[in-house]
Amino acid sequence: MRRVDNFMNLSRLHPRHFWSSDRGLTAFLISLVGFLALYSLEGLGAIKLLSHVLFSFIIVTGVFTIFMHRGVRFFVILLAVATLACNWLSEVQPGRFLAVLNAGLGFLYLGFLLAALTVQVFGENQVTRHRIRGAIAVYLIFGLMWALLYQILALTVAGAFNLPANIMADDPEGMQRALTYYSFITLTTLGYGDITPVLPAARVLAMFEALVGQLFPAITLARLVSLAVMHQKEKP
């Protein structure tokens, strides 16, 4: 019996078990916030390297978070590997084409990850503090996905956004950092006005991101409260 218990305890340490549990949502949120905090800093080589390491960690741990059909999971793993490789390649050899490819792969991967996390957060299980933190992670992923869409548009169509004078068109990394900042400012509907959309496509993207930024917290709160009330009523 003791050997069986030891085996069960060891199985709980397996990455698949950890990332399928609610604790994985909290760890994922911590890595995501760490990446955003470091990515916003510029001009520091060590900080820049650490942000890429954290992004790689997000990709790897995100694979363990996705539990769907085996064929879909295999595709997501391949997509994660391609995203990770392109991310590091664009760091070694920066350029517009690699930046667009990196943003496109990142958007696809984050889309799969968003779907998996949404199912895990809003499932019928009991509401925990880990699932609330998972909902925050979903909100942040929305900001990252819109940032990638902005980057693709800005890198492929000149003049899509009115950017600050210190952001050069031949600096994809600086543009990506600025548009990531703009994405979260738009998501929270803060809007400082230092970056503005110019083309109609950019304005439409910004409009829908602002709508998501307002509607998602309200819908999430209503869903989690209803789940908590439902499970409270089921208790004897």
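Values as computed for the structure displayed
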| item | result |
| --- | --- |
| Net lengthening on full extension, Trp88/Phe208 (0.36 nm per residue, minus Cα-Cα) | 40.1 nm |
| Low-density loop positions, chymotrypsin sites (Phe, Trp or Tyr not before Pro), region 157-232 - DSSP coil, at most 16 other Cβ in 10 Å | Tyr192 |
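Taken together, the values in this text are just the output of simple stated rules run on the coordinates, not laboratory data. Note that the structure is predicted; figures quoted are calculated from it, not measured. Because the Cβ atoms are built from the backbone with ideal geometry, glycine has one as well, and the counts that use them run over all protein chains shown.
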